[in-house]
Amino acid sequence: MKWDSSNLKWTREPENYSISPEKIEITTKPHTDLWQRTYYHFRNDNAPVLQMETDEKYFSFTVKTEFTDSHHRFDQCGVVLYLDSENWLKGSIEYETDEFQHLGSVVTNNGYSDWATTSIDASVKSMWYRLSRREDDFCIECSYDGENYQQMRICHMWKGGGAVQFGIYACSPEDSSFKAVFTDMKLSECMWKAHDGQAPDQE
C-alpha cells in the first residue's frame, strides 16, 4: 500500500484547495466542524475531509501539518479516520488564544463524541501526526520533529473492522478562515507494535 494523492476522495469538497504529490493546501470556510452530540447537544458534520480507502488491517499513516495562518478559536487541521457521520476519529491542534491552544483528539462512536486535550503554547505552528491501525483498534501519535512520537490516544472503532477511509481534514467552527498545509504524507508498515505484556483473554 502506497500513499498516492490520485487515490484521494473528498467528503465535502472545499471551495479553495490545491493538491500535488508533495503538498496539499486547504483554505477553510467559516462554521465548518466535526462533532456529535456530547455536552454541546449539537451535531456538526460539514468539515471537508480528504481520504483514501483501504482494507489493510495493519498500517501507519504519517503527515506533517502547518497552520501558521490559524488565528481564531477552534481553527484546526490534522489527521482523520472518517467512516461516516457518526463514526470517526481525528487528531489536531485547535487554536484558543494568543497564549495557548489545544493538542487533542476526538473519537466518535455511534453518534457520540469525546474530546481529550492538553494545552500547548500558541507559538507551535506545525505538528506531525501518525495514525496507526491494528484491525479495529487505532492509535494517534504526535511529534514536533517527525522523529520522536508521543502517544495521544488509543481507541476502538466499533465500525472500524472492515475497509476504512483515512486522511486529512481542516475546519473553522466559528467565523474564521485559514490556510492549512499538509506535507510529508507517508504510508508504512504498522509502527504501533503488538502488545508484549499481559496475554489476551481467551474468548
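Brief remarks follow.
- Pick from the stretch 1-12, criterion surrounded by 12 or more Cβ atoms within 10 Å (Cβ to Cβ) and either touching a Cys at 6+ places or on another chain (Cβ under 7 Å) or not aromatic (Phe, Trp, Tyr) (or both), ranking: nearest to Thr28 (Cα to Cα): Arg12
- Filter pass, Gly104 being part of a strand (DSSP E or B), touching a Ser or Thr at 6+ places or on another chain (Cβ under 6 Å), closer than 21 Å to Thr183 by Cβ and open to solvent by less than 30 Å² (accessible area, probe 1.4 Å): no
- Applying the criterion of being part of a strand (DSSP E or B) and polar (S, T, N, Q) to the residues of the stretch 38-52, the residue that is farthest from Ser5 (Cα to Cα) is Asn44.
- Lys186 being in contact (Cβ under 8 Å) with a residue 12 or more places away in the chain and among the charged types (D, E, K, R): yes
- Scanning the stretch 59-68 for residues that are among the polar types (S, T, N, Q) and assigned to a strand (DSSP E or B) turns up Ser60, Thr62, Thr65.
- Total residues in the stretch 9-44, condition within 26 Å of Cys190 (Cα to Cα) and within 15 Å of the chain's Cα centre (by Cα): 3
- Flag if Asp196 is free of Cβ contacts under 8 Å to residues at least 40 places away in the same chain and out of contact with any strand residue (DSSP E or B) (no Cβ under 7 Å at 6 or more places or on another chain): yes
- When we screen Glu25, Glu56 for residues that are of a type in the set (Asp, Glu), in a loop (DSSP other than H, G, I, E, B) and touching a residue at least 60 places away in the same chain (Cβ under 8 Å), the only hit is Glu56.
- All conditions but one from (1) in a loop (DSSP other than H, G, I, E, B); (2) of a type in the set (Phe, Trp, Tyr); (3) within 20 Å of Phe166 (Cα to Cα) apply to Trp10; the one that does not is (1).
- Of residues in the stretch 13-51 being β-branched (Val, Ile, Thr) and over 16 Å from Gln165 (Cα atoms), the one surrounded by the most Cβ atoms within 10 Å (Cβ to Cβ): Thr28
The values are calculated or read from the model by the stated rules, or taken from the named source; none is laboratory data. Remember, it's a predicted structure, so these values are computed and weren't measured experimentally. Don't worry about glycine lacking a Cβ; one is built from the backbone with ideal geometry, like all the others, and counts go over all protein chains shown. Surface areas here come from the heavy atoms of the whole protein model, side chains and all, with no ligands, DNA or RNA. Shrake-Rupley method; radii C 1.70, N 1.55, O 1.52, S 1.80 Å.
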